[in-house]
Each structure stands twice: as structure tokens, then as C-alpha cells.
Amino acid sequence: MNNTHVDFRMDRRDFFSRFGLGLGGAALFGLLNGRAAAAPANPFQGVLDQPHFAPKAKRIIYLFMSGGPSQMDLFDHKPKLNEMQGQDLPASIRMGQRLTGMSANQATLPIAGSPFKFARHGKSGAWISELLPWTAKVADELCFVKSLHTEAINHDPAITFFQTGSQIAGRPSMGAWLSYGLGSANENLPSFVVLISKDRIDQPLYARLWGNGFLPSLHQGVQFRSGKEPVLYLQNPDGVARAGRRQMLDRLAELHAQQFEDVGDPEINARVAQYEMAYRMQASVPETLDVSGEPDSVKDLYGPEAKNPGTFAANCLLARRMAERNVRFIQLYHPGWDHHGGLPNGIRRQSKDIDQACYGLLTDLRQRGLLDETLVVWGGEFGRTNYCQGKLTKDDFGRDHHPRCFTAWMAGGGVKPGMTYGATDEFGYNVAEDPVHVHDLQATIMRLLGVDHERLTFKFQGRYFRLTDVHGQVVKSILA
């Protein structure tokens with residue numbers, strides 16, 4: 001296997017000659033020579049000298065719908081379910097596949113058709129639910145993947161699998177891998193930023209989902225929040241001036257340099273790199289998050305909630321601003337899709353949250369010439385069952401977790417627009433054509449950013465790890 005791996009240890013003699021591997025090395029070199037203000041051209045240099053392939057996208061905005069959106073109520077039109085409303089799911093369709101503990105003990109599994117109308121949209125004729133009228137306007141820009149599947153059947157392992165390539169916590173997240181491989185194109189902002197919609201925390205989201213795992217800690221995602229303190233512990237305490245902070249960092253860097261000479265621990269470099277980034281972010285973050293200069297015409301693209309900080313719409317607008325500033329990986333989490341009950345009202349609320357905002361994001365990126373170089377991904381950790389969890393009534397029902405098949409869409413950044421890849425059976429229960437595993441999607445995303453998922457590795461505890469573990473095939477049919 002052709003592995004891309006860097007040994008971060010070095011002896012005293014080549015300390016300075018090889019210290020340009022990242023912001024920490026460059027910052028220390030500058031500090032020790034009295035040039036602290038001279039920022040390097042690329043402070044978070046990745047381990048790759050250049051991408052493995054010519055990248056089709058420079059950055060990614062990943063819109064993660066935490067909780068598992070119901071594919072047959074949004075994108076995967078299944079009229080057969082409405083024809084069989086209330087009938088028990090045939091054993092020939094289920095084929096003994098495992099269920100969660102929330103519906104495994106039900107005496108019956110009554111089929112629940114979608115209460116929402118579907119129509120074809122655009123030249124592509126994509127099926128889209130009435131819940132998403134704004135998304136329907138950009139149907140011809142979307143590439144639907146309707147044959148996603150995963151082994152994980154509960155939220156925590158399923159989300160962890162999508163973010164890190166493993167159901168077991170502790171591996172680096174996708175954003176951390178791309179930061180590690182490609183580095184950053186902005187010296188004043190992190191290469192990996194996380195935004196979470198406020199007031200939609202129906203389930204926990206752990207910081208390890210955007211963590212660095214065993215990679216150097218400078219590659220972990222940085223969460224931005226709405227409110228007076230968008231990044232926790234970033235601002236100086238009362239009574240500490242910026243000039244005083246600069247002097248403290250200078251002296252601290254000298255001490256860290258001496259420590260690194262003694263022990264060669266790469267986390268020393270990472271720590272200094274993070275101190276320096278935090279110092280720069282004290283000026284760059286307020287400017288990035290200040291949308292007061294955005295004209296109303298732009299805010300109106302994203303919908304009325306774009307003026308409400310912390311909402312999904314407001315975060316989409318911030319994602320565009322970060323894309324303009326060359327943040328490599330921008331992750332938006334929008335929880336609230338876990339509709340075990342009350343699905344009709346719950347999914348209406350969720351769809352209203354994201355519908356116009358997604359339209360606005362794609363439209364805004366396209367108008368600014370950024371869509372072709374920005375990969376946008378929308379999807380959750382799994383789908384929902386075609387049968388009802390609990391009691392099925394005319395106006396109310398729920399759906400359980402369903403890992404066997406679900407839908408995501410991609411746009412911009414090197415994917416074919418106006419197409420649908422893969423298909424499910426007429427019951428929307430099993431993949432019928434062109435299955436796409438989680439690792440396949442991850443491999444494809446990395447390929448679009450110019451990275452060979454098999455060659456970007458890191459040696460840890462005696463073996464080489466990668467995002468896709470020992471699996472994953474690029475879905476070449478969706479590449480433009």
C-alpha cells in the first residue's frame with residue numbers, strides 16, 4: 001500500500017530545517033527570530049505536498065441532518081406504501097432483518113404511506129415532496145443518492161460512523177482527516193469549523209464527532225456558537241491587553257521550543273499552533289460572523305430565519321461567508337429529525353427550517369461563482385422505516401430507524417447535477433440498484449477534494465489507519 005505518512009519526531013540538528021510542517025513550526029521559528037507578526041503563507045500546511053488528484057472542489061459544506069430524515073416523506077416517492085396503508089409489512093420484504101428495540105416487540109408492522117404529495121421537478125424530473133418547495137426550485141443542481149446504507153441502527157454509532165468512518169468513538173473525523181491532508185488556505189480561521197442549530201437539540205451531539213482522534217490536535221473542528229462568545233475561551237480575560245497577550249505567547253513559544261528539543265512530542269507544536277490561531281481568531285472571528293453588512297436581498301434568499309442568529313438559515317449564511325474565506329471543511333448540524341412519533345408535524349417543522357435555507361445557500365454560492373468549487377452535501381445518519389412505530393392513525397404516526405436504505409443529495413464541487421443514483425424497491429425498504437455504503441460516500445467526498453482515501457493514512461498503535469478503514473469505493477458515476 002502506498003501510504004502518506006509523516007514522522008513528526010526529529011533530532012536537534014534538523015529542528016529548524018524541518019520545522020515548517022505547520023503553523024506551530026512556522027510560528028515558533030518566527031517567534032524565536034523576533035518576527036512574531038510575520039504570518040506564514042499557509043499556517044496549517046497539510047502532509048500532502050499536493051493533492052493526489054486534481055481537486056474538483058476546494059472545500060465542503062456538509063449539512064448533517066441529525067436524527068435520520070424520513071426519505072419516503074421527502075425524496076423517495078413510494079406510492080405502493082399508500083396503496084397498502086395499514087397492511088402488515090410482508091416477511092418477504094423484511095427478510096428477517098433486525099429491528100431496533102423500539103419496534104421489535106410490536107405485534108404488527110403496519111405500512112405507513114406518506115401523507116405528503118410528491119411531484120417531479122426540473123428537467124431532471126426529480127421526485128420531491130411538497131414539504132420542500134424551495135429545494136424543488138434547484139432540483140436540476142442536485143445529485144440524489146437514493147441507495148445509501150449503513151450497518152449502524154442507533155444514533156450514536158450511526159452518526160459516529162458517518163463522521164469518523166467507525167461506529168466506535170475515538171477515530172479522527174472527516175474534517176480532521178482533510179485538514180491533516182490538505183491543510184488550510186486561510187491563516188486566520190480554522191480549517192475545520194462546526195455550527196449547530198440552536199433550539200433543535202433533540203439528541204446529544206458530542207464534540208468527539210468533530211474531534212481529531214489520534215491526529216495532531218490542531219486538526220480538530222472548532223465549534224462556533226451564536227451569542228456574545230462565538231468561540232469559547234477565545235477572548236482575553238478582563239485586564240489582559242492584546243499587546244500583553246502577544247508578549248505572553250512569545251515567551252511561551254520559547255519555552256515550548258526548548259521542551260520540543262528535549263522530548264520531540266508533536267503535540268507541543270500543535271499546542272503552539274493553536275495558541276497562534278486563537279490569537280489571530282480574536283480579530284478574524286468577529287469580522288467573519290458579522291453579517292450586518294450583508295444586504296437584505298442576500299438575507300432574503302435564505303429566508304426570514306437568516307436574521308435570527310443560531311438558526312439553520314443563519315448558519316447557512318455564515319457557511320457561505322466561511323467558504324468565501326477558504327475554510328476547508330464547514331459542518332452544519334441540524335438535529336430534530338428523530339420522529340418515532342408525531343412525524344407529520346415534526347417533519348413539517350424540520351423541513352421549514354432547512355428548505356429555503358438550502359435553496360439560498362446554493363443560489364448564493366452560484367451567484368458568487370463559488371458553487372463549482374464548493375461541494376455541498378445534505379443527509380443524515382440513516383433513514384426511517386416504511387412501517388409505523390406504535391399506533392398508526394389517520395393524522396399521526398411515527399417511523400423507526402432504518403439503516404437499509406436512505407437518501408442524501410450533493411451539489412456543486414464536481415458532482416453531476418440533475419441526476420439520481422441508485423434506487424430502492426417499491427416498498428422503500430431495501431436497496432434495489434447501485435448500493436452506496438457510508439465508506440463509499442466518504443471515499444467519493446475525498447476524491448472530489450483531490451484525496452485518495454486509500455493513501456491518506458496515519459500510523460497509530462502499530463497499524464496505518466484511514467477514514468474508510470479497509471473499505472470504500474469511489475462512486476465514479478456521479479463525478480462530473
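The values are calculated or read from the model by the stated rules, or taken from the named source; none is laboratory data. No experiment lies behind these values; they were computed from the predicted model shown. When we count neighbours, we look across all protein chains shown, and the Cβ atoms used for this are built from the backbone with ideal geometry, even at glycine.
Being more than 21 Å from Asp199 (Cα to Cα) and either assigned to a helix (DSSP H, G or I) or without any contact (Cβ under 8 Å) to a residue 60 or more places away in the chain (or both) narrows it down to one of Thr385, Thr393, Thr407, Thr420, so name that one. Spell out how you get there, then give the answer.
Values: Thr385 fails: either assigned to a helix (DSSP H, G or I) or without any contact (Cβ under 8 Å) to a residue 60 or more places away in the chain (or both); Thr407 fails: either assigned to a helix (DSSP H, G or I) or without any contact (Cβ under 8 Å) to a residue 60 or more places away in the chain (or both); Thr420 fails: either assigned to a helix (DSSP H, G or I) or without any contact (Cβ under 8 Å) to a residue 60 or more places away in the chain (or both).
From the options Thr385, Thr393, Thr407, Thr420, the qualifying one is Thr393.
Could you tell me whether Gln350 is in contact with a Pro (Cβ under 9 Å, 6 or more places away or on another chain), surrounded by 17 or more Cβ atoms within 10 Å (Cβ to Cβ) and more than 30 Å from Leu109 (Cα to Cα)? Walk me through it before giving the result.
Working: in contact with a Pro (Cβ under 9 Å, 6 or more places away or on another chain): yes; surrounded by 17 or more Cβ atoms within 10 Å (Cβ to Cβ): yes; more than 30 Å from Leu109 (Cα to Cα): no.
No: the conditions fail for Gln350.
Would you mention how many residues in the stretch 23-69 are part of a loop (DSSP other than H, G, I, E, B), buried (at least 22 other Cβ atoms within 10 Å of the Cβ) and at pLDDT below 50?
1
On the given criteria, is Ala443 in a strand (DSSP E or B) and of a type outside the set (D, E, K, R)? It would help to see each step written out before you state the result.
Values: in a strand (DSSP E or B): no; of a type outside the set (D, E, K, R): yes.
For Ala443, the condition - in a strand (DSSP E or B) and of a type outside the set (D, E, K, R) - is not met.
Among the residues of the stretch 367-416, write down those that are of a type in the set (Val, Ile, Thr) and either buried (at least 22 other Cβ atoms within 10 Å of the Cβ) or more than 25 Å from Asp88 (Cβ to Cβ) (or both). Before the answer, list the steps.
Applying the first criterion (of a type in the set (Val, Ile, Thr)) to the stretch 367-416 yields 374, 376-377, 385, 393, 407, 415.
If the condition is that a residue be of a type in the set (Val, Ile, Thr) and either buried (at least 22 other Cβ atoms within 10 Å of the Cβ) or more than 25 Å from Asp88 (Cβ to Cβ) (or both), then Thr374, Val376, Val377, Thr385, Thr407, Val415 are the ones that fit.
Could you please let me know if Gln223 is polar (S, T, N, Q) and either in a helix (DSSP H, G or I) or surrounded by fewer than 15 Cβ atoms within 10 Å (Cβ to Cβ) (or both)?
Working: polar (S, T, N, Q): yes; either in a helix (DSSP H, G or I) or surrounded by fewer than 15 Cβ atoms within 10 Å (Cβ to Cβ) (or both): no.
For Gln223, the condition - polar (S, T, N, Q) and either in a helix (DSSP H, G or I) or surrounded by fewer than 15 Cβ atoms within 10 Å (Cβ to Cβ) (or both) - is not met.
Wholly within the stretch 118-209, which strands (runs of 3 or more DSSP E) include no fewer than the required count, namely at least 1 residues that are in contact with a Pro (Cβ under 7 Å, 6 or more places away or on another chain) and modelled with pLDDT of 95 or more? Outline the logic, then answer.
Details: elements: 118-121, 126-129, 142-149, 192-196.
Passing ranges, in order: 142-149.
Scan the stretch 80-117 residue by residue and report those that are among the basic types (Lys, Arg) and part of a loop (DSSP other than H, G, I, E, B). So that I can check it myself, show each step before the final result.
Within the stretch 80-117, the subset among the basic types (Lys, Arg) is 80, 94, 98, 117.
Once the filter is applied, which keeps residues that are among the basic types (Lys, Arg) and part of a loop (DSSP other than H, G, I, E, B), the stretch 80-117 yields Arg98, Lys117.
Restricting attention to the stretch 229-245, does a residue exist that is surrounded by 10 or more Cβ atoms within 10 Å (Cβ to Cβ), over 16 Å from Gln282 (Cβ atoms) and touching a helix residue (DSSP H, G or I) at 6+ places or on another chain (Cβ under 6 Å)?
Looking through the stretch 229-245, none of the residues is surrounded by 10 or more Cβ atoms within 10 Å (Cβ to Cβ), over 16 Å from Gln282 (Cβ atoms) and touching a helix residue (DSSP H, G or I) at 6+ places or on another chain (Cβ under 6 Å).
Report yes if Ser297 is free of Cβ contacts under 8 Å to residues at least 12 places away in the same chain and assigned to a helix (DSSP H, G or I), otherwise no. Quick ask: steps written out before the conclusion?
Details: free of Cβ contacts under 8 Å to residues at least 12 places away in the same chain: yes; assigned to a helix (DSSP H, G or I): yes.
For Ser297, the condition - free of Cβ contacts under 8 Å to residues at least 12 places away in the same chain and assigned to a helix (DSSP H, G or I) - is met.
If His339 passes every condition in (1) crowded, with 19+ Cβ neighbours inside 10 Å; (2) under 17 Å from the mean Cα position of the chain (by Cα); (3) not in a helix (DSSP H, G or I) but one, which one does it miss?
Checking His339 against (1) crowded, with 19+ Cβ neighbours inside 10 Å; (2) under 17 Å from the mean Cα position of the chain (by Cα); (3) not in a helix (DSSP H, G or I), the one that fails is (2).
Does the stretch 289-319 hold any residues that are of a type outside the set (A, V, I, L, M, F, W, C), surrounded by 23 or more Cβ atoms within 10 Å (Cβ to Cβ) and touching an Asp or Glu at 6+ places or on another chain (Cβ under 9 Å), and which are they?
Within the stretch 289-319, the subset of a type outside the set (A, V, I, L, M, F, W, C) is 290, 292-297, 299-300, 302-305, 307-311, 315.
Checking which are surrounded by 23 or more Cβ atoms within 10 Å (Cβ to Cβ) leaves us with 302-303, 311, 315.
Passing the criteria: Tyr302, Gly303, Thr311.
Give all pairs with beta carbons closer than 7 Å in which a residue from the stretch 258-282 that is closer than 20 Å to Gly244 by Cβ meets a residue that is modelled with pLDDT under 75 and among the charged types (D, E, K, R); count only pairs at least 6 apart in sequence or on separate chains.
Final answer for the pair search is Tyr279/Arg245.
Tally the residues that are in contact with a Gly (Cβ under 9 Å, 6 or more places away or on another chain) and either within 30 Å of Ala323 (Cα to Cα) or charged (D, E, K, R) (or both), restricting the search to the stretch 401-414. It would help to see each step written out before you state the result.
First, the residues of the stretch 401-414 that are in contact with a Gly (Cβ under 9 Å, 6 or more places away or on another chain): 401-410.
Then keep just the ones that are either within 30 Å of Ala323 (Cα to Cα) or charged (D, E, K, R) (or both); that gives 404, 406-410.
So the answer is 6.
Please determine whether any residue of the stretch 97-112 is in contact with a Gly (Cβ under 6 Å, 6 or more places away or on another chain), in contact (Cβ under 8 Å) with a residue 12 or more places away in the chain and polar (S, T, N, Q). Explain how you work it out, then say what you get.
Within the stretch 97-112, the subset in contact with a Gly (Cβ under 6 Å, 6 or more places away or on another chain) is 110.
Retained after the next criterion (residues that are in contact (Cβ under 8 Å) with a residue 12 or more places away in the chain): 110.
Now drop any that are not polar (S, T, N, Q), which leaves none.
Checked against the condition, which is being in contact with a Gly (Cβ under 6 Å, 6 or more places away or on another chain), in contact (Cβ under 8 Å) with a residue 12 or more places away in the chain and polar (S, T, N, Q), the stretch 97-112 yields no hits at all.
Given Met446, Met419, which one is within 17 Å of the chain's Cα centre (by Cα) and either buried (at least 22 other Cβ atoms within 10 Å of the Cβ) or over 28 Å from Leu48 (Cβ atoms) (or both)? If you could, list the steps in order and put the result at the bottom.
On the way: Met419 fails: within 17 Å of the chain's Cα centre (by Cα).
Testing whether each residue is within 17 Å of the chain's Cα centre (by Cα) and either buried (at least 22 other Cβ atoms within 10 Å of the Cβ) or over 28 Å from Leu48 (Cβ atoms) (or both) leaves just Met446.
Scan the stretch 426-433 and tell me whether some residue there is surrounded by 24 or more Cβ atoms within 10 Å (Cβ to Cβ), touching a residue at least 60 places away in the same chain (Cβ under 8 Å) and closer than 15 Å to Gln71 by Cβ. Working first, answer last.
Kept after step one, since they are surrounded by 24 or more Cβ atoms within 10 Å (Cβ to Cβ), are these residues of the stretch 426-433: 428-429.
Among the residues that remain, those that are also touching a residue at least 60 places away in the same chain (Cβ under 8 Å) are: 428-429.
Subsequent filtering for residues that are closer than 15 Å to Gln71 by Cβ retains 428-429.
Yes, some residue in the stretch 426-433 is surrounded by 24 or more Cβ atoms within 10 Å (Cβ to Cβ), touching a residue at least 60 places away in the same chain (Cβ under 8 Å) and closer than 15 Å to Gln71 by Cβ.
If the requirement is being without any contact (Cβ under 8 Å) to a residue 24 or more places away in the chain and of a type in the set (D, E, K, R), which of these qualifies: Glu151, Glu141, Glu130?
Values: Glu151 fails: without any contact (Cβ under 8 Å) to a residue 24 or more places away in the chain; Glu141 fails: without any contact (Cβ under 8 Å) to a residue 24 or more places away in the chain.
From the options Glu151, Glu141, Glu130, the qualifying one is Glu130.
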